[in-house]
1. May I ask for the angle, rounded to the nearest 10°, between helix 416-425 and the longest principal axis of the chain, with both axes built from Cα atoms and the value confined to 0 to 90°?
2. Would you please give the residues with an amide H less than 5 Å from that of Val428, counting only those at least 5 places away or on a separate chain, with H modeled from the backbone geometry?
3. What number, rounded to the nearest 500 deg cm²/dmol, is the helix-based mean residue ellipticity at 222 nm of the chain, given -39500 (n - 2.57) per DSSP H run of at least four residues and division by all its residues?
4. Could you give the accessible area per residue of the chain, probe 1.4 Å, as a whole number in Å²?
5. Once you've got the Cα coordinates, tell me which of Lys253/Lys378; Lys43/Lys250; Lys321/Lys413; Lys378/Lys422; Lys43/Lys86; Lys253/Lys337 are over 24 Å apart.
6. Run the 1.4 Å probe and let me know the accessible area of Met47, rounded to the nearest 10 Å².
7. Only Cα pairs under 8 Å and at least 6 apart count here; give the relative contact order of the range 384-473 as a rounded whole percent.
8. Within 15 Å, Cβ to Cβ, of Asp380, how many net charges do the neighbouring residues add up to if Lys/Arg are +1 and Asp/Glu are -1?
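The values are calculated or read from the model by the stated rules, or taken from the named source; none is laboratory data. Only a predicted model underlies this, so the values are computations on that prediction, with no experimental measurement involved. No Cβ is skipped: glycine too gets one built from the backbone with ideal geometry, and neighbour counts run over all protein chains shown. Heads up: the accessible areas ignore ligands, DNA and RNA and are worked out on the full protein's heavy atoms, side chains in. Shrake-Rupley method; radii C 1.70, N 1.55, O 1.52, S 1.80 Å.
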Amino acid sequence: MAASFFNLKGLLARGTKQYNIFIVLITEVSMGKAQQYIDLARKIESMISDGSLPPGSRLPTHRDVAEKHGVALATATRAYKLLISKGLIIGERGRGMFVRHQGHPLPRGFEQVSPDGFIDLTLNMPGNTSDSDLLRSVLRKISAKGDLESMLRYQPHVGRAEERLVIANYARRLAGDFDPERLLITSGGQHGLFVSLLSVFNRGDTIAVDPLTYPGFITASSLLSNPLFSFSKEGSAIDLDHFEDAIVRKRIKGMYLIPTVHNPLGYVMSKEERDAVVYLSRKYGLTIIEDMAYAFLEPDAPPSFSEIAPEVTVQVGSFSKNIATGLRVGYLISPEKHVSKLASSIKASTWNTPSLMAAIVTNWIEDGTINSIEKARKDDGASKQLACKEVLGEFDIQAHSNANYLWLRLHNKVRAEKIMSKLLERDVVVSTAEPFCTTDAVPQALRIAFGGIPDGVFDEAINAIRDTLKCYS
């Protein structure tokens, strides 16, 4: 019977009946293999549930599991992947697989959930108490105008022409000179990322990303079935030879990059790296999605991809991090060839950005308020970064000097989940690396965000982090 698997041509020659037998055999074997990895995953899950494998337990290697249970290595790998997807185990770079601690929530990317009384350092929500006064002032200004009724009607899908022009004038400081007809207004940066994926790529197209990147893009690409490929190792420059080989081997169609003030690491990509990325994009016909959410923090960045290579770049801008997260206004600067598709995607997803939101942003751009707000955000970030260096300086931290977040790497086999759990006991909530990670091996690190956190509360939080880390150093 086994020989029949290698004699498809003979089976077909003998007629439909034999061919159907072959298909049944293939199906049965495939189903059997699927059931094997499910059964293996269930066995391990049962051991976790009954306490035989308590939280923090190191699991055997894939190969050891395969040998112990008499299954193929691929079956053991699939079983572990299933357990990872269920949040029961986690991989750690260079150390193996471990049972997760279930005493705190699973990584939620960017779900904004924090119980009352907790200091939430997972999300960046920049702002201060004077922002509400600015909002009252601009609303009075808008209400004094005579064309309020138009705001109650449908708007052009890509935004009103006069508002696109205002935002284009603002965006030129980051994108260089461009035709305002290539700018489309979106309902925030996340919406811009989503419609970019939806319009520029096909389902199943692979996109190259950093090993650590913005969780919102990871979520969007997953929803749209776009696999992600990490083109470098954490903290290292792009390996151009390796990446060029991967473009062909993995059939990569595009790149998602945060070149100016990276999230979560805070670095600024050099001009040489940008030129190399543009070279590969042009050579292989790749589209770059350039995320500029935090670019306003860097006063001396190299030219953006949108400026260097406008024909292959979709730049995504946002007013969430420089003004306020509740203002769901962003923009896309697109190559002309994609404008029509992007407009259709905006129409299908939101019809148009709410005109009142767009009016608030454009008023603040025109009267210069945005400049003072951005300065306040940078000053707050710089002040808190200095405090972090003073309190956490003995630990391995990485950040941009003006950013309101930092990356803290853990060493000496200290596990991020353990630190996270201990901080929860002190009413401090931080994020592990998992929501930001695009590789199988998750680094042991914490991402700490403090935009909008009052100074006294911030001091309490970073002191709690220092004290907790010292217990394990």
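1. So the inclination is approximately 60 degrees.
2. For Val428, the qualifying residues are Ile119.
3. On the way: 16 runs with 214 residues, N = 473.
That calculation yields -14500 deg cm²/dmol at 222 nm.
4. Working: 22340 Å² over 473 residues.
Per-residue accessible area for the chain comes out at 47 Å².
5. Lys253/Lys378; Lys43/Lys250; Lys321/Lys413; Lys378/Lys422
6. For Met47, solvent-accessible area is about 80 Å².
7. It rounds to 31 percent for the range 384-473.
8. Details: positive: Lys321, Lys375, Arg377, Lys378, Lys384; negative: Asp131, Glu374, Asp379, Asp455, Asp459.
Neighbour charge sum, excluding Asp380 itself: 0.
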